[in-house]
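Worksheet: the structure to be examined is printed underneath.
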Amino acid sequence: MHRIRGSFAPAVLLLGALAAHSAWAGSARPWLNPKRSPDERAALAVRAMTQREKLRLVFGYFGSVMPGTTYQPPRAVRMGSAGYVPGVPRLGIPPQWESDAGLGVATQRASSDVFRQRTSLPSGLATAASWNPRLAERGGAMIGAEARASGFNVLLGPGADLVREVRGGRDFEYVSEDPLLTGVIAGAEIRGIQSQHVIAVLKHFAMNDQETGRTVYDAQIGRAAARESDLLGFELAIERGHPGALMCAYNRTRGHYNCQNSWLLHHVLDGDWGFRGYVMSDWGAAHSTVRSALAGLDQDSASTVFDHTPYYGPALARAVKDGRVPERVLDEMDLRILRSMFAVGVVDHPIQRKAHINFTADKAVAEADEEQGIVLLKNAGAILPLSSTVHRIAVIGGYADRGVIDGGGSSTVFPVGGSAVRGLGPKNFPGPEVYLPSAPLGAMMGEAPQARFRYASGRNLAHALQVAKWADRVVVFETQWAAESIDVPLHLRRQNRLVAAVARANPHTVVVIESGGPVLMPWLGQVAGVLETWFPGTGGGTSIARVLFGAVDPSGHLPVTFPASVAELAFPHLPGAGLPLGKPFKVDYRRQGAAVGYRWYLLKHLKPLFPFGFGLSYTRFAYQGLQAALRHGRLVVHFTVRNVGHRVGAAVPQVYVAPVKGSVPRRLAGWRKVRLAPGASRTLTVSVDPRLLARYDTQDHRWVRAAGTYQLWLGDSAEHLVQSVRIRLPAWQHSARWPVHYRSAAVPLSAH
Ligand code: GLC
């Protein structure tokens, strides 16, 4: 017999009794009273719902037609969207209109007659590379506002899976290889989105770290290692952003599909973190009715199109009727969905259709994000910024005369004006390959009216070399398309050959890389400058030009390690590559455990091409005065940054930490971003979350920091550390068990 071990249970019973004999009884819809708490309002609403209405809220529809099927979406969908869940008009509960994704309002290509043209943020990696949570929050608010203006009250993003796999086709949608940077940036974006009364859906929970075999692979990882890496990123994002919902991912974790994984959904998400929102499945990620309901899946998304068979809806009604799923479990699902709708303001701030979108202002938000996310990786002989004395500039490749590349799959935002290059990439999902109409060439000409420009597409080598030889300076663009459902190579073969040939023709060459993640650079020794711009987003061509000519000082720092070769990766051979489609396989993340990215390089004493946290500026900074102290039991670090160069610039001083005893590789413990004029200095403070110095004890469900001496480093990357101090810290522990539970008891933990 299931017991509700949640704070909701007493509330539902109590409110039921109260509602019958109190002043509320006079109010027809007390749950619509905004003075009440979201918990109270949800409990009152569920109490008033029929079972049919409860079943309606947990069953989602695809928001578009699906070629090759007879599926017709409900009339109320926003055609060409990701999803739709009917509301309960009788009770004043609106529908949930769901749009992808974390980079802007996307369009599902299935319905070719609808293309919402909206503003695209740059990659999640670009926002992360800014190390500026305020920018992330502003970007979230911008796409949240465009979502509302487009008729949506649920936005399916941001993605916060750790970048364990640098070839991951969706790395461009994610944030970082480090859980702290991931949690801070994703948490800020969630705050921004939800400030617009749009529910943010943090995804894909969890270990969805590669695209190859994403619906069938089983992520093998120890519970402690998961808590200290991938799950820590989600935990920090939830604490900082309070997302209304999470999306459980396609893959399995420790042998169980994530959307019926009681360890993830019940014990961690609810039992340890006390997550108050609801869990929706990814599109086709549900695999059962009873098991999913008891494990903690609250909403089955786009079920009739993507599930093997619709698992909620009538099947769930039968399971509730025959007692396999207690009615109170269904109540809890609705409680969590409604609580989020009340908490985020979806009910109190109904969608106003045809609201105005200020595309100019929104483009400025995307440009600011990209400008601070561009990473200057090499600047030999200070070739950058391109000076006004340069008279002949060659621009080669990357469709730089047309636009900037964007990522593929469900997150693709179709730009105002349509794609600047047509007919590229797959015709169907995850294509087409989209170029946002913000041409770097045109923007560069605007930055240097005194110069003469020549452009070569790069498809004709002779022409490219002729143009390169003519020029004082050459800017050659590399573009790497990445997309959901596929992983991508690190080696851009044809383009690498072009760059090498151009550099031989003219050593005054700068390479601009528009990629979905790390790439190899076999030509690095032959070129003078390198910029990593990620997928630049709307207006990205302008941002690139402003950095190239110095209107903006580059201040991006890598959120992911750039490898020197595939051989040094934890998995040189991409797991599952070459297997028949749909054949299940395991990915043994125990190889890295929590040593993801730079921590893997430290553990294996490897040297990457460019380390996590690396980024150059047009000026220089000096770090000094590192001190560490305990303040009210919390580790606090102070240091001073000085601009010792001749230009204004922004520094990103980073603090890393590790116990002196043992071989635990250091990890990022905090950072600040500070803009300084030449000669100026600032003393900064970083407060360190104690979990970053602790290990996770799975027996007692607690974080444990041993008493002892800890080493702290200050630097501008995981490798370049300029100061260090030691401090003795007392033992510390924090029980992860949340005082109350919001889900009924489910499969015992021992089953995982
Ligand atoms: C996709 C993606 C998910 C997206 C959803 C709706 O398969 O995995 O990120 O939000 O389906 O399009």
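Before moving on, here are some points about what is shown:
- Packing-based ranking, highest mean first, of 189-196, 213-220 given that Cβ atoms within 10 Å are counted: 189-196, 213-220
- Ordering of 291-299, 97-105, 634-642 by packing is 97-105, 291-299, 634-642, highest average first (other Cβ atoms within 10 Å, averaged per residue).
- For the range 423-467 and the range 521-577, distance of Cα centres in Å: 18
- Spatially proximal lysines relative to Lys54 (Cα-Cα < 22 Å; intrachain offsets below 8 disregarded): Lys321
- Per residue, the range 6-344 exposes 27 Å² of solvent-accessible protein surface, assessed with a 1.4 angstrom probe and all protein chains in place.
- Partners for Lys469 among lysines (Cα-Cα distance below 30 Å; same-chain residues under 8 apart left out): Lys378
- Per-residue ellipticity at 222 nm from helix content only, as computed over the chain with -39500 (n - 2.57) for each DSSP H run of at least four residues, stands at -7500 deg cm²/dmol.
- Altogether, the Stokes-Einstein calculation at 4 °C and 1.567 mPa s, with the Kirkwood radius of the range 621-735 over Cα pairs as Rh, returns a diffusion coefficient of 87 µm²/s.
- Distance from the range 216-251 to the range 66-130 (C-alpha centre basis), Å: 24
- Note: the chain, Cα convex hull, 155 Å³ per residue.
- Relative packing of 129-139, 645-655, which averages over residues the other C-beta atoms within 10 Å, highest first: 129-139, 645-655
- For the range 670-726: rounded, prolate or oblate by the Cα gyration tensor [a/c cutoff 1.5]: prolate
- Rough spin-label spacing in nm, given labels placed 7 Å along Cα→Cβ, for Ala564 and Glu239: 3.6
- For the range 621-735, accessible area per residue (1.4 Å probe, heavy atoms of protein chains only), Å²: 46
- Set of lysines near Lys604 by C-alpha distance (under 22 Å), chain-local residues within fewer than 8 positions excluded: Lys661
- Seen from Ser37, the other residues with C-beta closer than 12 Å to its C-beta sum to a net charge of +3, counting Lys and Arg as +1 and Asp and Glu as -1.
- Dipole of the chain [Lys/Arg +1, Asp/Glu -1 at C-beta], most positive-end residue of Pro584, Thr69, Ser262: Ser262
- Prolate/oblate/rounded call for the range 6-344, Cα gyration tensor, a/c under 1.5 rounded: rounded
- Neighbours of Ala567, meaning other residues whose beta-carbon lies under 13 angstrom from its beta-carbon, give a summed charge of +1 when Lys and Arg score +1 and Asp and Glu score -1.
- Relative contact order (%) - criterion: Cα under 8 Å, at least six apart; region: the chain: 15
The values are calculated or read from the model by the stated rules, or taken from the named source; none is laboratory data. Given the structure is predicted, the values throughout are model-derived calculations rather than measurements. Here Cβ is always computed from backbone atoms with ideal geometry, including for glycine, and neighbour counts include all displayed protein chains. The area values use the complete protein model at the heavy-atom level, side chains included, leaving out ligands, DNA and RNA. Shrake-Rupley method; radii C 1.70, N 1.55, O 1.52, S 1.80 Å.
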